[in-house]
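J.: Okay, handing you the structure first.
The values are calculated or read from the model by the stated rules, or taken from the named source; none is laboratory data. Keep in mind the model is a prediction, meaning the values are calculated, not measured. Heads up, the Cβs are rebuilt from the backbone with ideal geometry, glycines too, and the neighbour counts pull from every protein chain shown.
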């Protein structure tokens, strides 16, 4: 069995710990974090310490903490020469881990929330390593966790992260705005559910460029003007205006 | 049987014609449009004319054309006093149809594409009418087509339309950008599919505000700075920058 230590107790640590526990080829030696106790959503059978000096021996250390702290924690980490250290960040350089002999990245391309379960085997994992040997080792371990493992360099990984921000964070923010607008009119936002589902279902049949409809895609100036007038007094005027202009530009390019 | 004439041959006309054909209480008297022939995606059993003077008698005329032309077409339309005329637009005032005795709105809240089938009974229909009597008539007919019929005034309908633009058009545009960024790095955009599905699936468990994750939601300045640097030479710099700022503001308000 491959022994794994997970560093961190956030959403990524939680979902990775669940995936590791499920896998017969992997075993959690412990979780190490800043909190006094392991949060209750984690399996309470897992050994836990908030004392970094008591960290156990393992084949693989997975750092699942805020980007800003990865370097600092890595520098504090004293482990066997043969062990591998990876971080799970989309936008942190591989070489912040260069203190170690064997290091790499296991970046799971997914949005993780505490209260929402996911099927980890469907989550694409982007990998990187400091040598061919370690890359093949990380690839093997990642393939225990996911059906889709992809090797990329640090620059590509960051662009994947940026694209994920558009696909998830920014498009979710569009729904935040939509719900806020409906709320201001006392309309139940449940009414948008079929449209929300169709927005994604369409992309199984059409490219996102083909799926682009609406006043901006048609450059329907009268409707756009009317909407901007109504939005003038809200904080969403600028977003509507800017995105509409960009969609019009996109259509002109096609 | 309630006789229906559909005016227009676009995506909305196509999907409404399919829903009407399926319903036993409704019957299509004809479709009227500008094109020489009824487009081949429509059922070719439907009577068609591009001569507006030959329009048949019907109980209900459904205008499914570009917003800018609704008033013009309505003015040209000479029908029996008892007949009802409706348009299907999200952002066009009810009273553009005021030439007629009985008029209203049947606005289906969905994104319609030619090549993508949908289950019309799940599409919310927003209705409005010029009298209580006609409203109840339009409500009855709409309930033959959809399980969800909602009465709104013109102003509310436009806000629903604007919220739909955020939920569908703008969030789809986020996917256009994401795919474009991946393409620039020679990475297959299929890799985003699980994230795309999870983005929507999450909203069955969390509100969109709760589902908001990512560097902007965390105000992770180092990562944001890194992304903006990489995007500097692309046309997506401004969008990333503006939306990030708005998400930070949103989080500060909570």
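J.: Checking the conditions here, which among B:99, B:54, B:81, B:35 is modelled with pLDDT under 95 and either in the same structural domain as residue B:147 (by TED's automatic domain parsing) or in contact with a helix residue (DSSP H, G or I) (Cβ under 6 Å, 6 or more places away or on another chain) (or both)?
T.: From the options B:99, B:54, B:81, B:35, the qualifying one is B:54.
J.: Something else: Here's a check for you: in segment B:73-108, which residue that is touching a strand residue (DSSP E or B) at 6+ places or on another chain (Cβ under 6 Å) and within 21 Å of residue A:212 (Cα to Cα) is nearest to the other protein chains (Cβ to nearest Cβ)?
T.: Here the answer is B:90.
J.: For residue A:157, state whether it is more than 7 Å from chain B (Cβ to nearest Cβ) and in contact (Cβ under 8 Å) with a residue 40 or more places away in the chain.
T.: So residue A:157 fits the description; yes.
J.: Of the conditions (1) closer than 27 Å to residue A:91 by Cα; (2) without any contact (Cβ under 8 Å) to a residue 12 or more places away in the chain; (3) facing chain B (nearest Cβ under 7 Å); (4) assigned to a helix (DSSP H, G or I), residue A:208 fails just one. Which one is it?
T.: (4)
J.: Follow-up question, since we're still on this one. Of all residues in segment A:170-180, how many are facing chain B (nearest Cβ under 7 Å) and either part of a loop (DSSP other than H, G, I, E, B) or surrounded by fewer than 24 Cβ atoms within 10 Å (Cβ to Cβ) (or both)?
T.: 2
J.: Does segment B:160-168 include one or more residues that are more than 7 Å from chain A (Cβ to nearest Cβ) and part of a helix (DSSP H, G or I)?
T.: Yes - at least one qualifying residue is present in segment B:160-168.
J.: Still on this model: Any residue at all in segment B:118-140 that's at pLDDT below 95, buried (at least 17 other Cβ atoms within 10 Å of the Cβ), within 8 Å of another protein chain (Cβ to nearest Cβ) and in contact with a helix residue (DSSP H, G or I) (Cβ under 8 Å, 6 or more places away or on another chain)?
T.: Yes, segment B:118-140 contains at least one residue that is at pLDDT below 95, buried (at least 17 other Cβ atoms within 10 Å of the Cβ), within 8 Å of another protein chain (Cβ to nearest Cβ) and in contact with a helix residue (DSSP H, G or I) (Cβ under 8 Å, 6 or more places away or on another chain).
J.: Are any of the residues in segment A:85-95 outside any loop (DSSP other than H, G, I, E, B) and over 22 Å from the mean Cα position of the chain (by Cα)?
T.: no
J.: Go through (1) modelled with pLDDT of 95 or more; (2) loosely packed, with under 14 Cβ neighbours inside 10 Å; (3) part of a loop (DSSP other than H, G, I, E, B) and name the single condition residue B:187 misses.
T.: (2)
J.: In segment B:181-202, what count of residues is obtained for those that are more than 7 Å from chain A (Cβ to nearest Cβ) and over 24 Å from residue B:231 (Cα atoms)?
T.: Qualifying residue count for the region: 1.
J.: With the structure loaded, tell me whether residue B:14 is in the same structural domain as residue B:108 (by TED's automatic domain parsing), under 30 Å from residue A:221 (Cβ atoms) and not in a strand (DSSP E or B) or whether it fails that test.
T.: Yes: the conditions hold for residue B:14.
J.: Could you look through segment B:144-154, keep only residues that are more than 7 Å from chain A (Cβ to nearest Cβ) and closer than 30 Å to residue A:222 by Cβ, and pick out the one that is surrounded by the most Cβ atoms within 10 Å (Cβ to Cβ)?
T.: B:146
J.: Let me ask another. Residues A:80, A:68: which one is without any contact (Cβ under 8 Å) to a residue 60 or more places away in the chain, farther than 14 Å from residue A:6 by Cα and in a loop (DSSP other than H, G, I, E, B)?
T.: A:80
J.: Which condition breaks for residue A:146 when tested against (1) over 22 Å from residue B:110 (Cβ atoms); (2) at pLDDT 95 or above; (3) out of contact with any strand residue (DSSP E or B) (no Cβ under 8 Å at 6 or more places or on another chain)?
T.: So the condition that residue A:146 fails would be (3).
J.: Could you list all residues from segment B:42-63 that are surrounded by 12 or more Cβ atoms within 10 Å (Cβ to Cβ) and outside any loop (DSSP other than H, G, I, E, B)?
T.: B:48, B:49, B:52, B:60, B:61, B:62, B:63 - these are the residues of segment B:42-63 that are surrounded by 12 or more Cβ atoms within 10 Å (Cβ to Cβ) and outside any loop (DSSP other than H, G, I, E, B).
J.: If you don't mind, another one. In segment A:218-230, how many residues are more than 7 Å from chain B (Cβ to nearest Cβ) and either closer than 18 Å to residue A:182 by Cα or part of a helix (DSSP H, G or I) (or both)?
T.: The number of residues fulfilling the criteria is 6.
J.: Can you name every residue in segment A:134-154 that is in contact (Cβ under 8 Å) with a residue 24 or more places away in the chain and within 14 Å of residue A:102 (Cβ to Cβ)?
T.: Result: A:134, A:135, A:137, A:138, A:141.
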